[in-house]
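One structure below.
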Amino acid sequence: MTHRRDKQRTKIAVFGAGYVGLTTAVLLACAGYKVSLVETNDERLSVLKSGKSFFYEEGIDNLLAEGIKNKSIELTNRADEGMRDAGVLFSCVGTPDKPDGSTNLQYVFDVAKSAAKQAISGAVFVQKSTVPVGTGDKIEKIFSESGNKLKYVSNPEFLREGTAIIDSLWPDRVVVGGNDSTATEKILDIYRTIDSQRDDLAKRAGLAPRTNVISRSIKTGLNSAELIKVTSNAFLALKISFANSIAKLADQANADISEVMDAVGADSRIARSFLNAGRGYGGGCFPKDVSGLISSAEEYGVDMPLLVAATDINDSMPRYIAKKLEGALGTLKNKNVTVLGLAFKAGTSDARKSPGVAIANIIAAAGGVVVAYDPYALKEAKKDIVRGVSLEFSLEKAVVGAEAIIVATDWPEFLEYNLSVLAKSMSGSLFIDAVNAFDPDMVRRAGMQYLGVGRR
Ligand code: UGA
């Protein structure tokens, strides 16, 4: 009953319709809240108004269309409209990296300043964008100087692209940090409301519910909450780079990284996830959050040598893959190479800082004739692709005549493709599995030469 009353009372404004903002907004709207989603990019806004997301994320369109149909979600480009009568404001705007690796907080402060001016007094301002530690203190100062009694809560987001809805419905943990316990409780109450409907919400999104997840709510201090988010991402990035550095050794020592990590990860103190070696991590989070943490630590006079090493190892991986190719073909010049996978991982159309794009560009720069294909990310990858890489719109066409194939994203479409058909379409026989997702014996049985990353 408390939840129902709370829903009727609270209008929620969400700022920014990216992965975090749109997921948050549609879940709140479908859980019964009245939501105003503020997106200042008009092109994106008009796509959203048609009931579709402007990026590929499974299940999100179903919930968006439902919210628009039953008028529980309102889409606007005006912050003042969004904030009108809103008792809770979720800030989910982008925090891109600057060329020096530090975080660009312009959008975060823009939203905070307009909330200080226009939000109703006493509303709760929830920071979901990933910000450097200390940002909340600065925003609280803006609020107190403005005279608005807004309350600030840090509520970092842990959803992954590709599984955004399910991760939000079944999070490992919900972290809220702040100086006002009524405000943090209010936010936890909103999460309880969503939690009480999670099976139904998953169903309405068209997704299978997750089982065996125990979600924990964790209340912390404000600065700890900010640090928890970037520390989690940095630690996962460390795990991947650690696995990649051992994979390089496995390549030289005739060991197999998958065998090694299966056994290392069987130690519950270490755990197996995020120890998959391959072409390295990409996307809008790990590269930016690691460099942002290094740079924000610098401002506090603290060095982060482990994270510098993780970044260096990661940056080396696309070139390492290209070197493998060159080693096997003798040269890259005029070689017909097909790169499969431009999304930074499967399940998303996001191609930001994508290792597949980097691999294609490196080979083209070395004189290779590169064809690239991705089932969802071609449009988003296009702006980062150099001349010399041509994009193909079907897998069948992309592999015709290839002397070598590199798989850079583990899309099901690639994993399920008939390997004998693939081998026959090629003019050569080199198959580089840059995501270590194929069974080497199956590739060999189809008549191709298999090379993975750190695999025997
Ligand atoms: C990451 C975190 O996992 C989320 O918890 C967090 O909320 C999000 O960043 C964020 O800060 O917003 P995401 O970037 O969507 O999520 O993707 P991940 O599934 O974490 O993968 C990141 C990259 O690491 C991908 O390129 C993936 O291919 C690579 N990866 C992952 C590996 O190379 N090896 C692995 O073992 C796992």
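Of the residues making up region 123-139, just one is open to solvent by 30 Å² or more (accessible area, probe 1.4 Å) and without any contact (Cβ under 8 Å) to a residue 60 or more places away in the chain, namely LYS138. Of the set (1) away from the ligand (no atom under 14 Å from the Cβ); (2) closer than 28 Å to ASP441 by Cβ; (3) open to solvent by 30 Å² or more (accessible area, probe 1.4 Å), all apply to LYS345 but (1).
In the set ILE214, ILE240, ILE228, only one residue is β-branched (Val, Ile, Thr) and away from the ligand (no atom under 15 Å from the Cβ); that residue is ILE214. Taking region 205-309 and the helices (runs of 4 or more DSSP H) fully enclosed by it, the elements with 1 or more residues that are within 18 Å of PRO171 (Cβ to Cβ), in contact (Cβ under 8 Å) with a residue 60 or more places away in the chain and open to solvent by 60 Å² or more (accessible area, probe 1.4 Å) are at 222-253. Out of region 424-445, which residues are over 21 Å from PRO375 (Cβ atoms) and open to solvent by less than 30 Å² (accessible area, probe 1.4 Å)? Across region 424-445, the qualifying residues are GLY428, LEU430, PRO440.
Which condition number in (1) in contact with a Lys or Arg (Cβ under 8 Å, 6 or more places away or on another chain); (2) within 9 Å of the ligand (Cβ to nearest atom); (3) of a type in the set (Gly, Ala, Ser) is the one that ALA277 fails? Checking ALA277 against (1) in contact with a Lys or Arg (Cβ under 8 Å, 6 or more places away or on another chain); (2) within 9 Å of the ligand (Cβ to nearest atom); (3) of a type in the set (Gly, Ala, Ser), the one that fails is (1). Can you give me the number of residues within region 160-190 that are farther than 20 Å from LYS219 by Cβ and either aliphatic (A, V, I, L, M) or not in a loop (DSSP other than H, G, I, E, B) (or both)? Selection size over region 160-190: 5. Does GLU145 satisfy the condition of being under 19 Å from ILE187 (Cα atoms) and either out of contact with any strand residue (DSSP E or B) (no Cβ under 9 Å at 6 or more places or on another chain) or within 16 Å of the ligand (Cβ to nearest atom) (or both)? No. Taken over region 140-155, the criterion of being over 16 Å from LEU89 (Cβ atoms) and open to solvent by less than 60 Å² (accessible area, probe 1.4 Å) is satisfied by GLY147 alone. Filtering region 345-356 to residues that are within 23 Å of SER53 (Cα to Cα) and touching a helix residue (DSSP H, G or I) at 6+ places or on another chain (Cβ under 6 Å) leaves SER349, ALA351, LYS353.
Matching residues to (1) surrounded by fewer than 17 Cβ atoms within 10 Å (Cβ to Cβ); (2) part of a loop (DSSP other than H, G, I, E, B); (3) touching a strand residue (DSSP E or B) at 6+ places or on another chain (Cβ under 6 Å):
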residue: ALA13; (1), (2), (3): no, no, yes
residue: THR23; (1), (2), (3): no, no, no
residue: SER36; (1), (2), (3): no, no, yes
residue: LEU48; (1), (2), (3): no, no, yes
residue: SER53; (1), (2), (3): no, yes, no
residue: TYR56; (1), (2), (3): no, yes, no
residue: ASN62; (1), (2), (3): no, no, no
residue: GLU66; (1), (2), (3): no, no, no
residue: LYS71; (1), (2), (3): yes, yes, no
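Pairs linking a residue in region 144-158 that is touching a residue at least 60 places away in the same chain (Cβ under 8 Å) and farther than 14 Å from GLN127 by Cβ to a residue that is away from the ligand (no atom under 16 Å from the Cβ) and open to solvent by 20 Å² or more (accessible area, probe 1.4 Å), with Cβ atoms under 9 Å and 6 or more positions apart or on different chains, do not occur.
Taken together, ALA115, ALA164 contain a single residue that is away from the ligand (no atom under 16 Å from the Cβ) and in contact with a helix residue (DSSP H, G or I) (Cβ under 7 Å, 6 or more places away or on another chain), which is ALA115. Of all residues assigned to region 185-198, none qualifies as being open to solvent by 40 Å² or more (accessible area, probe 1.4 Å) and within 15 Å of the ligand (Cβ to nearest atom).
The values are calculated or read from the model by the stated rules, or taken from the named source; none is laboratory data. The structure presented is a predicted model; accordingly, all values stated were derived computationally and were not measured. Please note: Cβ atoms are built from the backbone with ideal geometry, for glycine as well, and neighbour counts cover all protein chains shown. Ligands, DNA and RNA are excluded from the accessible area calculation, which covers all protein heavy atoms including side chains. Shrake-Rupley method; radii C 1.70, N 1.55, O 1.52, S 1.80 Å.
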